[in-house]
Amino acid sequence: MKKKTKFIHGGISVDPYTGAVSTPIYQVSTYKQDGVGNFTYEYSRTGNPTRESLEKLIADIENGTRGFAFGSGMAAITAVMQLFSAGDHIIVTDDVYGGTFRVTSKVLNRFNLEVSFVDTSDLNAIKNAIQTNTKAIFVETPTNPLLKITDIKAVSDLAKENKLKFIVDNTFSTPYWQNPLDLGADIVVHSGTKYLGGHSDVVAGVAVVNDEQLGEQLHFIQNSTGGILGPQDSWLLIRGLKTLGIRMEEIEKNTVEVVKFLQDHPKVGKVFYPGLTDHPGHQVHVSQATGFGGMISFTVENQEKALSVLKNVKYFTLAESLGAVESLISIPSLMTHASIPRERRLELGIEDGLIRISVGIEDIEDLLTDLEQALDVK
Ligand SMILES: *Cc1c(COP(=O)(O)O)cnc(C)c1O
């Protein structure tokens, strides 16, 4: 099955109990047993048909064997981190999603999970960070907001050599463009809130594995800690996933045009997009993904100018999320990355005048006209 077909016919595409072609929302917590211990479902934290339908679908989509749906991307990432124990050490991408930085450095550290933040686009930096108690490498590629690229296959080989679990946050690329399990990752996580849902109407997270034992362990954590996705939100995610392919195609078409426009605009400085041949990691990205996605960042003269653009756009909604049908715009230095000290931010390349865009599926003419007039405001 090819990808767009899989988004629609993968998982349990027809409800086995009713024949419904849209998995019903099984809004239920408990199930009648035919005799003691004789049941398919027992209790909805452990298993629910709507969530199971989503979990089978996401497993198929990421070419894994088992998927798990959580109440948010952070719940999924936290559950994955709970596979490890006090005293274990994990290497994490240094410009990882802010919530992942926060949960590892402010919550899980209190349970003595040790974390090192490393530039994972540099394989030697990862090698140098491996300690005797290192148990896993967690990477994001591309990253936010500068779209830095990590070589998934190379890190996977390094992880295998050192018997480390390798986890990839695939939120930015989506399974339509990139399948980390095929490249040797052990676990893939997503914020389902972003492209998978795609309509800014659900907060969700997923994790997928292709190893039976790891699947059992993760189900044990999911059931024990309880951060599950409810049936209504599971249904919304299934619904969103059906159009993931066509959304990503349209998003990327628009993004390419927006990138060209920005590169030619006199008021725009640098443009960051993995599809640009001079983008650091472009070649690596091409080797592991079939598309470049819809995230762009670019610089304007200063923060004042950036704020003026944000204020004057009409179709780009000022918002923190990404991956939706509507185009979104934000200023990392004052929003997603405001908690990072300015000096560190500048070291990372996140200038005050950096603007991040998540391109949607509006008509491209409207998006370009909108950016043009917003950049031209004096
Ligand atoms: C949003 C996001 C998360 C967290 O997901 P939530 O659904 O907001 O909890 C994790 N990783 C990346 C890359 C994200 O963009």
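Which one of Leu123, Gly73, Asn112 is farthest out on the positive end of the charge dipole of the stretch 50-169, using unit charges on Cβ (Lys, Arg +1; Asp, Glu -1) and the Cα centre as origin?
Result: Asn112, furthest along the dipole toward the positive end.
Output the peptides 192-201, 101-110 sorted from most to least packed, where packing is the average of other Cβ atoms within 10 Å over each peptide's residues.
In descending order of packing, they fall as 192-201, 101-110.
Apply the a/c threshold of 1.5 to the C-alpha gyration tensor of the stretch 126-264 and tell me whether it is rounded, prolate or oblate.
Oblate, since a/c reaches 1.5 and b/c is not below a/b.
Grab the other residues whose beta carbon is less than 13 angstrom from that of Lys267, score K and R as +1, D and E as -1, and report the net.
Once positives and negatives cancel, what remains is -2.
Could you tell me which of rounded, prolate or oblate describes the chain, using a ≥ b ≥ c as the square roots of the eigenvalues of the alpha-carbon gyration tensor, with rounded for a/c under 1.5 and, failing that, prolate when a/b is larger than b/c and oblate otherwise?
Taking the square roots of the gyration eigenvalues as a ≥ b ≥ c, the chain is oblate.
Leaving ligands, DNA and RNA out of it, report the carbon-plus-sulfur percent of the accessible area of the stretch 276-345 at a 1.4 Å probe.
Carbon plus sulfur share of accessible area: 54 percent.
Could you report the chain's accessible area per residue, 1.4 Å probe, as an integer in Å²?
43
When we measure straight from the Cα of Lys32, which aspartates and glutamates land under 17 angstrom away, once same-chain ones fewer than 8 places off are left out?
Glu42
Compare the peptides 74-85, 180-191 by average per-residue count of other Cβ atoms within 10 angstrom and give them in order, highest first.
180-191, 74-85
Quote the relative contact order of the stretch 246-376 in percent (integer), defining contacts as alpha-carbon pairs under 8 Å separated by 6+ residues.
Averaging sequence separation for qualifying contacts and normalising by length gives 30 percent for the stretch 246-376.
Got a number for carbon plus sulfur as a percent of the stretch 3-242's accessible area, 1.4 Å probe?
50
Classify the stretch 141-203 from the C-alpha gyration tensor, please: rounded if a/c falls under 1.5, else prolate or oblate depending on whether a/b exceeds b/c.
Because a/c hits 1.5 or more and a/b exceeds b/c, the stretch 141-203 counts as prolate.
Multiplying the sequence separation of Asn162 and Thr369 by 0.36 nm and subtracting their Cα-Cα distance, what value in nm do you get?
69.4 nm
Spin-label point model (7 Å from Cα, Cβ direction): what's the Gln283 to Lys3 distance in nm?
Result for the modelled spin labels: 2.4 nm.
Suppose every K and R has +1 on its Cβ and every D and E has -1 on its Cβ; what is the size of the dipole of the chain about the Cα centre, in Debye to the nearest 20?
It comes to approximately 540 debye.
Extension gain Thr46-Met335, at 0.36 nm per residue separation less the Cα-Cα distance, in nm?
100.4 nm
Below 14 angstrom from the Cβ of Gly294, what's the summed charge of the other residues (Lys, Arg +1; Asp, Glu -1)?
Combined, the nearby Lys, Arg, Asp and Glu give -2.
The values are calculated or read from the model by the stated rules, or taken from the named source; none is laboratory data. The structure presented is a predicted model; accordingly, all values stated were derived computationally and were not measured. Positions of Cβ are backbone-derived with ideal geometry, glycine not excepted, and every protein chain shown enters the neighbour counts. Surface areas here come from the heavy atoms of the whole protein model, side chains and all, with no ligands, DNA or RNA. Shrake-Rupley method; radii C 1.70, N 1.55, O 1.52, S 1.80 Å.
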